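Asker: Handing you a structure now.
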Amino acid sequence: QVQLVESGGGLVQPGGSLRLSCVASGIIFRLADMGWYRQAPGKQRELVAGITRGDSANYADSVKGRFTISRDNAKNTVYLQMDSLKPEDTAVYYCGAKFGASFWGQGTAVTVSS
């Protein structure tokens, strides 16, 4: 079955950095479009960054210039490098994959606070 396993979340001070990782199994990773989403308390899940199977990336306006999405097809892994973190980045971050159907990981929590 398809599994997406996120890691790398945690508590960080404003201005700090974190790198999230998502390892995929059960899909042909190099053919999948991947994305990172987040959901803050009381808010809807939103797209943070996406990367196509052709390596084309797109970002939410709120994270442009601060976050970078990348993928390593040899490791079936997609990354989200998050720099200059702000308190409003606090959320549960989910990895998503589109390979025919859509699949989701269990999420990893990111808290930005002093």
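The values are calculated or read from the model by the stated rules, or taken from the named source; none is laboratory data. Because the structure is a prediction, the values reported are computed rather than measured. As a convention, Cβ positions derive from the backbone with ideal geometry for all residues, glycine included, and neighbour counts pool all protein chains shown. In case anyone asks, the SASA skips ligands and DNA or RNA and just uses the protein heavy atoms, side chains included. Shrake-Rupley method; radii C 1.70, N 1.55, O 1.52, S 1.80 Å.
Asker: Within the range 79-102, can you find the residues that are closer than 15 Å to residue 26 by Cα and either under 12 Å from the mean Cα position of the chain (by Cα) or open to solvent by 60 Å² or more (accessible area, probe 1.4 Å) (or both)? Let's see the steps before the verdict.
Answerer: So in the range 79-102, the residues closer than 15 Å to residue 26 by Cα come out as 95-102.
Matches in the range 79-102: 95, 96, 97, 98, 99, 100, 102.
Asker: Please specify each residue of the range 36-57 satisfying the condition of being among the aliphatic types (A, V, I, L, M) and either surrounded by 20 or more Cβ atoms within 10 Å (Cβ to Cβ) or in contact (Cβ under 8 Å) with a residue 60 or more places away in the chain (or both).
Answerer: Answer for the range 36-57, where residues must be among the aliphatic types (A, V, I, L, M) and either surrounded by 20 or more Cβ atoms within 10 Å (Cβ to Cβ) or in contact (Cβ under 8 Å) with a residue 60 or more places away in the chain (or both): 48, 49, 51.
To keep it simple, each residue is scored yes or no on (1) among the aromatic types (Phe, Trp, Tyr); (2) touching a Cys at 6+ places or on another chain (Cβ under 7 Å); (3) at negative phi.
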residue	(1), (2), (3)
75	no, no, yes
80	no, no, yes
84	no, no, no
92	no, no, yes
95	no, yes, yes
101	no, no, yes
106	no, no, yes
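Asker: Here's another thing I want to ask about it. Just one of 71, 53 is touching a Lys or Arg at 6+ places or on another chain (Cβ under 7 Å) and of a type in the set (D, E, K, R); which is it? Step through it out loud before you land on a result.
Answerer: Values: 71 fails: touching a Lys or Arg at 6+ places or on another chain (Cβ under 7 Å).
So the residue among 71, 53 that is touching a Lys or Arg at 6+ places or on another chain (Cβ under 7 Å) and of a type in the set (D, E, K, R) is 53.
Every residue, every condition in (1) surrounded by 14 or more Cβ atoms within 10 Å (Cβ to Cβ); (2) of a type in the set (Asp, Glu); (3) touching a Cys at 6+ places or on another chain (Cβ under 9 Å), yes or no:
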| site | (1), (2), (3) |
| --- | --- |
| 13 | no, no, no |
| 26 | no, no, no |
| 34 | yes, no, yes |
| 59 | yes, no, no |
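Asker: Which count do you get for residues in the range 62-107 that are hydrophobic (A, V, I, L, M, F, W, C), outside any strand (DSSP E or B) and touching a residue at least 12 places away in the same chain (Cβ under 8 Å)?
Answerer: Within the range 62-107, the first condition is being hydrophobic (A, V, I, L, M, F, W, C), and the residues that meet it are 63, 67, 69, 74, 78, 80, 82, 85, 91-92, 95, 97, 99, 101, 103-104.
From what's left, outside any strand (DSSP E or B): 63, 74, 85.
With touching a residue at least 12 places away in the same chain (Cβ under 8 Å) added as a condition, the list becomes 63, 85.
Qualifying residue count, the range 62-107: 2.
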